[in-house]
Structure formats: structure tokens, C-alpha cells
Amino acid sequence: MGQLVAAQARKSGDEIGTILTSEDALATFPDKLFGHDVAIDFSVAEAVPISVEACMQAGIPLVQGTTGWKSSENQIRQAVAKTNGALVYGANFSIGVNLFYRIVQHAAELFSAVEGYSAFIEEAHHARKRDAPSGTAIRLQGIMSEALQTEVPTTSTRAGWIPGTHRVGFDSEPDQILLTHTARSRQGFAAGSLLAAHWIIGKTGMFEFDQVIDEILSGSSIN
């Protein structure tokens with residue numbers, strides 16, 4: 001993801017100042033980040049508190065594309081607040097997925113008004129993805145459970161090189177309705193993170209990627 005984000009950034013005319021990897025000493029992160037406009041992180045959940053702290057110390061906003069760090073959310077919010085920093089995060093930075101959330105919400109609201117349908121979620125990702133269910137599936141589960149007022153079962157598959165597939169179903173004895181989002185590549189995630197990177201500059205606080213999408217849908221400027 002880091003390589004893909006860097007390639008798309010260069011293609012769109014953005015300048016890449018520093019690329020940090022797991023080989024860089026953690027203590028050097030803040031020093032290497034000073035002077036940049038924004039940082040984008042697609043690493044691992046365990047590294048998120050370190051990345052956030054380093055960016056906040058360096059005084060630069062962060063786009064956090066990693067999932068699975070909710071257990072550290074209080075620590076991260078404190079780090080952002082005490083420095084008047086800025087962070088935008090999301091379960092999925094694909095613009096298509098974020099529109100999919102809204103489609104699923106509307107569908108769940110429709111099915112909440114009728115009887116006989118049971119909802120379910122299926123998701124599949126590449127074998128290297130550590131968190132299961134995915135952050136996107138957890139978000140879909142929250143959306144559907146709120147609308148349907150019941151827990152929605154979720155199944156996960158980790159195999160091969162699957163970029164990401166999320167399927168939402170409503171099943172009854174006479175029929176079944178399926179809504180599916182399939183990522184053909186990770187380019188959509190990179191594009192969304194760059195969109196968020198431009199949006200977060202000059203802002204203060206923690207934001208979800210949903211808020212970026214909301215501004216697009218409302219016709220507001222994201223600059």
C-alpha cells in the first residue's frame with residue numbers, strides 16, 4: 001500500500017518527502033517527519049499508536065489507513081487532543097466502499113419494515129490481512145444492526161491475494177437479495193487516502209473518512 005500511495009501521489013503531482021519503513025528506528029520518526037504537510041500510514045495495528053504520537057509531535061496531520069487499532073483509541077485520541085493535532089481515519093478509504101455503506105444502510109432500513117428476512121455479512125481478504133472480521137465488515141455490521149435492531153452474523157475468509165470483497169445479504173424462504181462490493185485492486189484505497197490527505201491539511205481534531213465523503217456528496221469543496 002505504501003508503494004502504491006507514493007506512486008499515485010507522484011502521478012498527481014504531490015511531492016514525497018520521506019518514506020518510513022519498519023527498518024527505521026522508532027525514536028527517529030518525529031525528526032524525519034518535521035516540515036511535511038501530511039503523513040499517510042498503512043502499516044500494522046500495533047504500530048498505529050507510535051505513528052500517531054510521532055506525527056503529533058512533529059506537528060503534521062495524519063491519514064491513518066490501518067485497521068484493528070480500536071483497543072488503542074483512547075490513547076490515540078489523547079495524543080491528538082493534547083497537541084491540537086489532526087487525524088483522519090476510516091475502516092476503508094475506498095470511495096466506492098463508502099458509498100456502499102450508504103446503500104447498505106438504506107437497504108437495511110427497508111428490510112427493517114418487513115418480516116421474514118435474515119441479514120448476514122460475508123467478507124474475504126488476502127492471507128496477510130491480520131484482523132478478522134475486517135474493519136469494513138465491522139462498520140457494515142454496525143450499520144445493519146442499528147437499522148435492524150438485531151445482531152448481524154459475519155463470516156471472514158483469509159486466503160491468497162484477494163484485495164477485498166464484502167457481501168451483504170438478506171435471506172428469506174422465497175428469495176435472497178445480495179449486495180456486493182469487490183475491490184479489483186488496492187488503487188481505490190490509495191486514491192481515497194490521498195483525497196483525505198488534501199482534506200485534512202489545516203484542520204484540527206479526529207475525523208472519519210465519512211466526513212470527507214459527506215462533503216463530496218454535499219457538493220462542498222474538499223480543499
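The values are calculated or read from the model by the stated rules, or taken from the named source; none is laboratory data. Keep in mind the model is a prediction, meaning the values are calculated, not measured. All Cβ positions, even for glycine, are placed from backbone atoms using ideal geometry, and neighbour counts span all protein chains on display.
Data overview
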item: Search result, residues across the stretch 141-174 that are touching a helix residue (DSSP H, G or I) at 6+ places or on another chain (Cβ under 6 Å) and of a type in the set (A, V, I, L, M); result: Ile143, Met144, Ala147, Leu148, Val152, Val168
item: Selection from the stretch 11-53 of residues that are free of Cβ contacts under 8 Å to residues at least 60 places away in the same chain and aromatic (Phe, Trp, Tyr); result: Phe29, Phe34
item: Any hit, the stretch 46-67, residues being surrounded by fewer than 20 Cβ atoms within 10 Å (Cβ to Cβ) and in contact with a Gly (Cβ under 7 Å, 6 or more places away or on another chain); result: no
item: Residue, surrounded by the fewest Cβ atoms within 10 Å (Cβ to Cβ), within the stretch 168-193, restricted to residues that are aliphatic (A, V, I, L, M) and modelled with pLDDT of 95 or more; result: Leu178
item: Residues that are over 18 Å from the mean Cα position of the chain (by Cα) and under 23 Å from Thr67 (Cβ atoms), drawn from the stretch 169-200; result: Gly169, Leu179
item: The stretch 68-88 - residue that is of a type outside the set (Val, Ile, Thr) and touching a helix residue (DSSP H, G or I) at 6+ places or on another chain (Cβ under 7 Å) and, of those, surrounded by the most Cβ atoms within 10 Å (Cβ to Cβ); result: Leu87
item: One residue from Ala119, Ala132, Ala91, Ala113 being over 26 Å from Leu195 (Cβ atoms), modelled with pLDDT under 95 and among the small types (Gly, Ala, Ser); result: Ala132
item: Unique residue being of a type in the set (Asp, Glu) and more than 19 Å from Ser134 (Cα to Cα) when the list is Glu151, Glu215, Glu208; result: Glu215
item: Residue within the stretch 202-213 that is in a loop (DSSP other than H, G, I, E, B), free of Cβ contacts under 8 Å to residues at least 12 places away in the same chain and among the hydroxyl-bearing types (Ser, Thr, Tyr) present; result: no
